[in-house]
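To keep things clear, I will list the structure first and then write my remarks on it.
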Amino acid sequence: MKQAFTLIETVVAVGVFAVLSVVGSVLLFGILRGSKKSAAVSVVRAEGANIINSMTSTLRFAQEIVDCNSTSITFKPQLGDNIIYTNTDTTIASNSAVISSNQVKVKSFSITCSPLPPKTKIINISFSLERVPTTSVFDQAEIPFQTQVVLRNRD
C-alpha cells in the first residue's frame with residue numbers, strides 16, 4: 001500500500017507555512033522601518049550637534065556682540081572680521097557659508113541675547129532640524145536643539 005499525504009494534512013501544512021511567512025514578513029518590514037527611522041534620527045542629531053558645536057565654540061570667546069535679533073547674531077571674534085550667524089528659510093549660515101547640510105532643513109530658529117548688545121553676556125540659541133529629503137514617514141525625524149553660551153571675554 002502506498003503512503004501519501006491526505007488533503008487535510010496538505011492544507012494544514014500550507015496554512016502553517018502561510019502563517020509563518022506572514023509573521024516573518026511583518027517582522028522583517030518592522031526591522032527595516034526601525035532601521036530607516038534610526039538612520040534619519042542619527043543624521044539629524046549629528047547635524048544639530050555639529051551646528052551647536054560650531055556656533056558655541058566661536059561665540060564663547062567673542063570680543064563683542066555687535067547685533068543680536070531673533071534670526072541672526074553679529075559678533076567680533078578674537079581675531080579677524082565680524083562673523084554673522086543667520087537663519088535663512090531652511091539653513092543656518094556663518095557669514096555666507098552654509099553650516100547646515102542639505103540632509104536637514106531648519107524648521108525653527110531663535111537667538112536671544114541678554115542683556116542686549118553691547119553689554120551681552122549670555123546668548124540663548126535654539127533651533128529645530130528636520131530630515132530631508134524624506135521618501136516615507138519612516139524617513140522623517142525632527143529634533144529640537146538648544147544651548148546657552150556664556151561669553152568668557154566679557155567683564
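Treating the beta-carbon of each Lys and Arg as +1 and of each Asp and Glu as -1, no other charges, what is the dipole magnitude of the chain about its Cα centre, to the nearest 20 debye?
Working: 14 positive and 10 negative charges, 57 e Å.
Magnitude of the dipole: close to 280 debye.
Starting from the Cα of Lys119, draw a straight line to each of the lysines and keep only those under 24 Å, dropping any in the same chain fewer than 8 residues away.
Within the straight-line cut-off, Lys119 pairs with Lys76.
Do you know the relative contact order of the chain, to the nearest whole percent, from alpha carbon pairs under 8 angstrom that are 6+ apart? Display every interim value, and only then the final one.
Values: 257 pairs, mean separation 34.5, N = 155.
Over the chain, the number comes to 22 percent.
Under 20 Å Cα-Cα from Lys107, which aspartates and glutamates qualify once same-chain neighbours fewer than 8 residues away are excluded?
Glu47, Asp89, Glu130, Asp139, Glu142
When N is the residue count of the stretch 75-148, what does its C-alpha Rg come to as a fraction of 2.2 N^0.38 Å?
On the way: Rg = 14.8 Å, N = 74, 2.2 N^0.38 = 11.3 Å.
Ratio of Rg to 2.2 N^0.38 Å for the stretch 75-148: 1.31.
What whole-number distance in Å separates the alpha-carbon centres of the stretch 19-67 and the stretch 110-129?
25 Å
Kindly state, to the nearest 0.05, the FRET efficiency for Lys76 paired with Lys107, given R0 = 35 Å and r defined as their beta-carbon distance.
Working: r = 30 Å, r/R0 = 0.85.
Efficiency for this residue pair is about 0.70.
Taking only the C-alpha atoms, wrap a convex hull around the chain and report its volume per residue in Å³ as a whole number.
Working: hull volume 21.3 nm³, N = 155.
Taking only Cα atoms, the chain has a hull volume of 137 Å³ per residue.
Show which aspartates and glutamates lie in cross-link reach of Lys121 when reach means a straight Cα distance below 17 angstrom and same-chain residues fewer than eight apart are skipped.
Excluding near neighbours in sequence, the set is Glu64, Asp67, Asp155.
Bear in mind that the values in this text are calculations on the coordinates, not laboratory data. Here the structure is a predicted model, which means the values were calculated and not measured. Positions of Cβ are backbone-derived with ideal geometry, glycine not excepted, and every protein chain shown enters the neighbour counts.
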